[in-house]
Amino acid sequence: MSHFDPERYSRLMSPIHLWEPRARIISLFVLIISLAMAGSIRQATVGLIISFCLVLISRLPFSHVSMFMKWPAIFLLPLAVIVPFTAGGDKVALPVLSSLSIAPSAQGVLLGILLLTRGLAAALVALVIVSTAPFTVTIRALEDLGLPGSLTQLFLFSYRYVFLLNDELQTMSRSMRCKGFVMMSDLNTIRVLAMALTMLFIRSYERALGVFYSMLSRGYSGELPGIGRCKIKCNDFIKSFLVLGAALGICFL
Amino acid sequence: MSIIEIEDLVYYYPDATLALDGVNFQAEKSESVALLGANGAGKSTLLLHINGLLRGHSGTVKVLGRMVEDKNLRWLRRRVGIVFQDPDDQLFMPTLAEDVAFGPANMCLSEDQVNERVNWALQSVGLVDLKEKASHHLSFGQKKRAALATVLSMKPEVLVLDEPTSNLDPRSKMQMVLLIRSLQDSGTTIITATHDVNLVPYLADRTVLLDKKVAAMGSTRQILGNRALMEGLGLEMPILADVFERLHEENIHSPITPMTKDEAIDVVREILKKNW
């Protein structure tokens with residue numbers, strides 16, 4: 001049994017979790033586009049506030065949000081620091097930096113803040129999309145929205161077997177440690193890890209063959225049957241209208 | 001007419017190793033047959049031929065009177081269900097319910113019929129409460145039963161099981177045996193490949209010993225009670241049969257060689273009565 005559960009918050013009962021997946025994806029995607037197009041700090045700030053509200057409504061725990069958000073923050077923060085020094089405009093003299101003879105520009109500072117704010121706002125909305133439904137539900141919804149069937153199957157099966165590969169990897173790593181293997185930064189470690197990885201690929205191939213046989217034996221002919229898809233209800237439309245309204249609001253602010 | 005008829009089946013693995021060397025085998029309707037053989041004897045390979053997943057280099061395989069060939073594959077796979085040894089091969093959909101629905105949905109049944117079959121199959125294996133769970137969060141025993149449910153939901157006329165009790169705890173093994181017997185009682189023909197000689201008397205009426213070809217075929221009692229035959233193929237007799245055969249060699253005779261616990265208890269009672 002795998003205890004690795006990246007979807008542990010996808011089964012909460014918040015209004016966002018209960019939102020029909022297709023309506024949720026389209027609405028939030030439009031919101032991300034409007035955030036990405038925000039041209040002023042005012043628009044971006046309002047967008048960030050809306051994104052925070054969505055996270056609060058979704059009841060995702062702070063620890064989960066901070067864990068996810070550290071990656072966009074790590075990417076965006078250096079940008080926000082570098083842009084003021086590289087963008088043209090009115091230079092602002094800072095006594096601290098005078099000895100280095102570099103000065104940030106006022107327009108650059110604003111641009112840096114704008115990039116940081118709208119980037120974080122868009123990442124928060126993306127977090128809401130991926131964390132409020134199981135991955136497979138999101139992928140099925142994307143298929144309904146036009147994602148090609150072959151890609152859907154690829155994502156679904158890859159996702160299912162990530163857990164198995166994770167189990168295999170853990171078993172192999174346990175077995176290597178039992179036989180005295182200690183990870184070091186030498187050539188032998190690289191060689192052992194490369195061989196372990198090769199074994200994992202071979203096992204993956206054997207597993208794929210087994211799965212393919214199993215699918216064929218149950219009548220698979222290239223398409224996955226779709227059963228029990230949700231229907232969009234009135235309150236899903238209301239939620240979508242509210243988010244689309246917010247997206248339009250950001251654009252015309 | 002036999003439900004399954006295999007004649008002179010020869011199959012080589014892609015690396016040219018001979019896997020099946022002229023197998024001849026028949027199974028009748030509502031019969032439960034055990035396939036026994038050492039590792040590499042060709043049990044799993046033979047099972048894959050019954051579902052048309054592998055095709056022999058020579059010989060014929062007929063199921064319900066029809067040849068296993070490309071034009072019959074769709075028909076065949078509705079009638080022959082195969083449960084693989086490793087349940088993770090069989091559980092590839094996001095949730096258990098979707099996995100169990102996969103076969104019936106491919107049979108183009110209506111959504112209501114599919115749901116009805118999913119509930120029935122999951123109820124049969126006692127997993128109906130876990131239908132929305134992801135397969136990777138099930139225990140091994142649950143996965144084994146889930147794999148069976150994925151095939152039961154297709155209501156096949158022939159059920160082919162590859163090591164259905166391997167790595168199961170004793171209670172789960174007996175539950176599996178009871179399930180197999182109840183399916184047989186409802187008219188399903190069951191072919192089981194297994195190493196578990198102690199369980200064979202409980203789950204099969206007839207046993208086939210395989211060693212790339214059929215080495216022996218007969219009633220389970222007749223085959224499992226033949227020490228020379230079993231040991232000649234690298235197999236062991238069931239522990240009860242082994243014990244009573246040895247007692248027989250020491251002139252402690254029993255009327256029959258017991259294969260199951262109940263039979264052994266009766267035989268012990270009989271021996272005690274005679275000697276007291």
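Once the other residues with Cβ under 11 Å from the Cβ of B:G141 are scored (Lys, Arg +1; Asp, Glu -1), what is the net sum? Display every interim value, and only then the final one.
Details: positive: B:K143, B:K144, B:R145, B:R171, B:K173; negative: B:D169.
Taking every other residue near B:G141 into account, the sum is +4.
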Neighbourhood net charge (12 Å Cβ-Cβ; Lys/Arg +1, Asp/Glu -1) for A:S63: +2
A:V46, B:V33, A:V81, ranked by accessible area, largest first (probe 1.4 Å): A:V81, A:V46, B:V33
Residue-count net charge about B:L18 - beta-carbon cut-off 12 Å; Lys, Arg +1, Asp, Glu -1: -1
Selected from A:P15, A:I129, A:G112, residue furthest toward positive end of dipole (chain A; charges at beta carbon): A:P15
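Report the chymotrypsin sites (Phe, Trp or Tyr not before Pro) located in region A:92-196 that are in a DSSP loop and have at most 16 other Cβ atoms inside 10 Å of their Cβ, or state none. Kindly include the intermediate steps, with their values, before the conclusion.
On the way: sites: A:F135, A:F155, A:F157, A:Y159, A:Y161, A:F163, A:F181; in loops: A:F181.
Counting only loop positions with at most 16 other Cβ atoms within 10 Å, the chymotrypsin sites (Phe, Trp or Tyr not before Pro) in region A:92-196 are A:F181.
How would you rank A:108-114, B:261-267, highest first, on the average number of other Cβ atoms within 10 Å across their residues? Could the numbers behind the result be given before it?
On the way: A:108-114: 19.0, B:261-267: 14.9.
The densest-packed peptide leads the list: A:108-114, B:261-267.
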For chain A, calculated [θ]222 nm from helices alone, where every DSSP H run of n ≥ 4 adds -39500 (n - 2.57): -24500 deg cm²/dmol
Among B:D15, B:D242, B:D70: highest mean-square fluctuation, GNM of chain B, C-alpha pairs under 10 Å: B:D15
Test item: B:145-156 mean partner chain Cβ contacts at 10 Å: 1
Cross-link reach list, lysines versus B:K273, counting only Cα pairs under 21 Å and skipping chain neighbours closer than eight places: B:K261
Top of B:M237, B:M93, B:M259 by mean-square fluctuation, Gaussian network on chain B, Cα under 10 Å: B:M93
Solvent exposure, largest accessible area first (probe 1.4 Å, DNA, RNA and ligands not counted), of B:I191, A:I82, A:I33: A:I82, A:I33, B:I191
Shielding of B:97-105 by partner chains, average beta-carbon count, 10 Å: 5
Spin-label model distance (nm) - B:I256 vs A:I82, 7 Å beyond Cα toward Cβ: 8.4
C-alpha center-to-center spacing [region A:15-90, region B:156-227] in angstrom: 59
Cβ-based charge dipole, the protein assembly as shown, positive-most Cα from B:S186, B:Q222, B:L210: B:S186
Reachable aspartates and glutamates, given that their alpha-carbon falls under 20 Å from the alpha-carbon of B:K274 and they are not under 8 places away in the same chain: B:E245, B:E249, B:E250, B:D262, B:E263, B:D266
Trypsin sites (Lys or Arg not before Pro) lying in DSSP loop within region A:154-211, provided at most 10 other Cβ fall within 10 Å: A:K179
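Report for the protein assembly as shown the percent antiparallel among DSSP-assigned beta bridges with both residues inside it, nearest 5.
Values: 20 of 38 bridges.
Roughly 55 percent of the DSSP beta bridges within the protein assembly as shown come out antiparallel.
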Highest-fluctuation residue, A:T152, A:T45, A:T198 considered, GNM on chain A with Cα pairs under 10 Å: A:T198
Sequence-distant aspartates and glutamates (8 or more away, or on other chains) whose Cα lies within less than 13 Å of B:K173: B:E163, B:D196
Neighbour cut-off at most 10 other Cβ (10 Å), DSSP loop, chymotrypsin sites (Phe, Trp or Tyr not before Pro), region B:1-64: none
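Count, for each residue of A:207-214, the Cβ atoms from other chains sitting within 10 Å of its Cβ, then give me the mean as a whole number. All intermediate terms of the calculation are to be shown ahead of the outcome.
Values: counts 4, 2, 1, 7, 7, 3, 8, 16.
Across A:207-214, the average partner-chain Cβ count within 10 Å equals 6.
About the Cα centre of chain A, how large is the charge dipole given +1 on each Lys and Arg Cβ and -1 on each Asp and Glu Cβ? Please answer in debye to the nearest 20. Write out the running numbers ahead of the final one.
Numbers: 22 positive and 12 negative charges, 77 e Å.
Taking the Cα centre of chain A as origin, the dipole is about 380 debye.
The values are calculated or read from the model by the stated rules, or taken from the named source; none is laboratory data. Note that the coordinates shown come from a computational prediction; the quantities given were computed from them, not determined experimentally. Quick reminder, even Gly has a Cβ in these numbers, built from the backbone with ideal geometry, and neighbours come from all protein chains shown. Ligands, DNA and RNA are excluded from the accessible area calculation, which covers all protein heavy atoms including side chains. Shrake-Rupley method; radii C 1.70, N 1.55, O 1.52, S 1.80 Å.
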